[in-house]
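Presented below is the structure to which this report refers.
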Amino acid sequence: MRLISGTTAVAALMALVPETLAADSAVFRDSETGFTFSQYSAPYKIGKTIAFRVAVPSGATPGQPYDAVIQVAAPNDVGWCGLAWGGRMTNDPLTVAWANGQSAVVSSRFTTQHSFPQPYTGASYEVFRTGTKSNSTHWQYTALCRGCTSFPASSSRNTTLNPNGANTFAFAYASGKPSNPSSNTSSFPVHDSYNYWSHDFASAANPDFVSLVARNSGRALEFVA
Ligand code: HEM
Ligand SMILES: *[C@@H]1O[C@H](CO)[C@@H](O)[C@H](O)[C@H]1NC(C)=O
Ligand SMILES: *[C@@H]1O[C@H](CO)[C@@H](O)[C@H](O)[C@H]1NC(C)=O
Ligand SMILES: *[C@@H]1O[C@H](CO)[C@@H](O)[C@H](O)[C@H]1NC(C)=O
């Protein structure tokens, strides 16, 4: 007969609890696109926030790249805002976006230094028509990202985000607008502010991820996976 000692059980519980409680994100169900996101509300100006939302497929294999859907809702006076998937400005995919008329432009960037981030082909985006819009107060986009969850964190090491727990993210934003908003290679001014948070991926898991991507991209299911 095998016995698990009390201390072992308590230690096991304590190992689990911080990861669950540490995340700064909360569940957000988007009826328009059908995705369940985990959301972090980044402080912007007084009384305003920028919502950063992530959805991932259920059952992603730890250590293997997987797709993610990102949705961002920003007040109209946000010139650009960005998400750093590795929780820092350097050596991770930067998803930078801004409003463009009634729609939005998503720009894939990367940098090894604290200087203007250049276009990054290691991550690619498909902006969905559903979930990408603006109204009198906000602009919002929803996009599929390939290449955001696994990236060259150094020349000798790839980092893959944990699909079953929390990952450290960073945001940055500026109220200044990009110089050429219709172009995803536009330049944009340096951030007014940046900060870090812990984003839970376990609560971002969608069992119907592939069919939701198909529905929102307007593509047939067999061309999605
Ligand atoms: C115009 C483009 C940009 C310029 C010139 C720029 C420049 C800089 C500089 C000089 C710092 C160091 C500041 C300090 O030490 O106080 C910094 C830090 C930071 N930047 Fe940027 N940045 C740009 C775009 C971005 C973007 C697009 C993101 C994220 C999407 C970002 C995220 C961060 C973060 C999180 C930090 C804190 C330090 C770190 O985690 O590496 N930056 N940036
Ligand atoms: C801009 O969009 C094109 C077409 O979708 C894409 O090939 C390119 O990688 C994008 N560039 C950036 C910087 O996002
Ligand atoms: C405007 O859009 C934002 C972001 O999508 C949303 O949260 C807000 O409820 C919308 N406001 C109205 C009045 O529909
Ligand atoms: C990182 O992943 C890329 C794409 O899968 C691969 O080409 C590259 O060799 C990997 N780098 C390392 C250091 O493992």
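The values are calculated or read from the model by the stated rules, or taken from the named source; none is laboratory data. Remember, predicted model here, so these are calculated numbers, not experimental data. Using ideal geometry, Cβ is built from the backbone for each residue, glycine included, and neighbour counts are taken over all protein chains shown. Protein only, heavy atoms only, side chains kept; ligands, DNA and RNA dropped before computing areas. Shrake-Rupley method; radii C 1.70, N 1.55, O 1.52, S 1.80 Å.
Couple of notes before you dig in:
- Qualifying residue in the range 118-129 (condition: over 17 Å from the mean Cα position of the chain (by Cα) and within 14 Å of ligand 1 (Cβ to nearest atom)): yes
- Thr132 meets the conditions (1) touching a residue at least 40 places away in the same chain (Cβ under 8 Å); (2) more than 16 Å from ligand 1 (Cβ to nearest atom) in every case but one. The failed one is (1).
- Across the range 68-89, not a single residue is classified as surrounded by 20 or more Cβ atoms within 10 Å (Cβ to Cβ), among the charged types (D, E, K, R) and either away from ligand 3 (no atom under 16 Å from the Cβ) or outside any strand (DSSP E or B) (or both).
- Strands (runs of 3 or more DSSP E) within the range 92-153 that include 2 or more residues within 12 Å of ligand 2 (Cβ to nearest atom) and over 20 Å from Val210 (Cβ atoms): 94-100, 103-110
This table checks each residue for (1) open to solvent by less than 10 Å² (accessible area, probe 1.4 Å); (2) closer than 29 Å to Glu32 by Cβ; (3) at pLDDT 95 or above.
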site: Pro119; (1), (2), (3): no, no, yes
site: Ala123; (1), (2), (3): yes, yes, yes
site: Val127; (1), (2), (3): no, yes, yes
site: Ser136; (1), (2), (3): no, yes, yes
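- Of Asn76, Asn91, all but one fail to be in contact with a strand residue (DSSP E or B) (Cβ under 9 Å, 6 or more places away or on another chain), more than 15 Å from ligand 1 (Cβ to nearest atom) and not charged (D, E, K, R); the exception is Asn76.
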